[in-house]
Amino acid sequence: MLWNQIQQEATVIGWDFYGPVLIFVALIALGVPVWASIGAGAVSMLLISQVLPLSLLGESLFDGIDHFALTAVPLFILTGDVLVRTKLSRKFLDVAEALTCWARGGFGSATVLVCGMFSAISGSDAAGAAAVGRMTIDRLVESGYPRPYACALVAAGACTGILIPPSIAYIVIGLVLGISASTLFQAALIPGILILISILVTNIVVNRRHAYEGGGLISFRDWLANVGRALARGWYAFLVPGVIFWGIFSGRLTPTEAGATAVMITILLGFILGTLKLSDFPAMMVSSAKVNGIILPIVAMSLPLAQAMAAMGVPQGFVFAVTSITDNPYILILLMIAILIAAGCVMETTPNIVILAPLLKPLADQIGMNEIQFSIMMITALGVGFITPPLGLNLFVVSGLTGESILKIAARAVPFVFFMLLVVLLIAYVPVVSTILLPDIYK
């Protein structure tokens, strides 16, 4: 019923719309890379519908990645790789463990905190899940956590990779919707912290119920001494996120400049500490290039697809179809959240953004949701999808890392999904959560 109404409202109907969609879905199901699937869908849509000349494809592909803001993406990816190779990420874990040593479930909470710290640098959830998982999962099991729950905890914490700025996801959605990445970073700070807190609270509640990990109260003096020793041994590691946050939030640096500065500081620290050698650079560059080579082709291919869909009137048709069922803004927001979480289960962030943002943005406009709130809600809901059973992508990452059953991890991830959903609803229904740090124009 819904797709029939979308089709009726589109300028071009029939296989002009359904054919390319089926091609895209079939290629994804066959395991074809996402960028190639999007490209095939875009080309077939242009060929069948003739809404735009195919000769514009080359120019559209170039325009899709000819943006200075995208330079920040490989820089943040490289910063994360250097951070792991230089073992600076372990300094974050030491400080996080010192901060939480006083409470029951302290190392579990430390794991969540270090996920947030790593997220403030790399901007990638998969990288965070792999890096933090290697450091913490075995220690979590030794501390008394069941291995499936330890995996679920890391998978949930790693969701902050795209939720706490700087985030590659916010750079991409800013490009797609024409919003400054710096503005989105500022808006995402409080929602990202709220998600982190929700994961911490979930772990504390679950731990208190099942008594996975012991721990006891220590004096404030001893706690302060532990934190002081950890910071004394690893304070320099915090120069990297410190420069990123100071540069972006003070307006002194663009996200690209902040990323470049973070790379240089991380490399310099690696040389000073003796944990980085010139021979390490080829492997780091190749690793970063592989990740970047997944993201940028998707962004490039998205522009001709978006142009074709706009020319066919698909976004307008979608809005009409949905609002003809109900015009209640509360229900429409729930519908958007459901679509985003379902999409986050089966695809990475970048393709979801480039496909769904132009489709859902007109619907958000229809109900009076400003572009900043919509962007934050969208990325946060996609982040929840990464651990939503049974297909959350982060679940697959930690399963591949540990060999643990995905179904067992998914079952233990349910409480995290519930608490994170509460934050998504808060963002969706309370605009000030995502606009309080922004100029009055967005409030």
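A few comments on the model shown:
- First in the range 275-291 and modelled with pLDDT of 85 or more, second anywhere and open to solvent by 60 Å² or more (accessible area, probe 1.4 Å), Cβ under 7 Å, 6 or more apart: T275/K87; L276/R85; D280/R85; M284/R85
- Filter result (over 20 Å from the mean Cα position of the chain (by Cα) and either over 13 Å from T183 (Cα atoms) or in a helix (DSSP H, G or I) (or both)) within the range 247-260: G247, S250, R252, E257, A260
- Restricting the range 370-409 to residues that are open to solvent by 10 Å² or more (accessible area, probe 1.4 Å) and not in a helix (DSSP H, G or I), the residue that is farthest from A129 (Cα to Cα) is N370.
- Filter result (assigned to a loop (DSSP other than H, G, I, E, B), open to solvent by 40 Å² or more (accessible area, probe 1.4 Å) and not charged (D, E, K, R)) within the range 261-308: G274, T275
- Of everything in the range 237-260 that is open to solvent by less than 20 Å² (accessible area, probe 1.4 Å) and either hydrophobic (A, V, I, L, M, F, W, C) or touching a Phe, Trp or Tyr at 6+ places or on another chain (Cβ under 8 Å) (or both), the residue that is nearest to I272 (Cα to Cα) is A237.
- Taken together, the residues in the range 318-359 that are within 18 Å of the chain's Cα centre (by Cα) and among the hydrophobic types (A, V, I, L, M, F, W, C) amount to 16.
- Flag for I23 being at pLDDT 80 or above, surrounded by 14 or more Cβ atoms within 10 Å (Cβ to Cβ), among the hydrophobic types (A, V, I, L, M, F, W, C) and touching a Phe, Trp or Tyr at 6+ places or on another chain (Cβ under 7 Å): no
The values are calculated or read from the model by the stated rules, or taken from the named source; none is laboratory data. Please read these numbers as outputs of a predicted model, since none were measured by experiment. Glycine gets a Cβ as well: all are built from the backbone with ideal geometry, and neighbour counts include every protein chain shown. We work out accessible area using only protein heavy atoms, side chains counted, and drop any ligands, DNA or RNA first. Shrake-Rupley method; radii C 1.70, N 1.55, O 1.52, S 1.80 Å.
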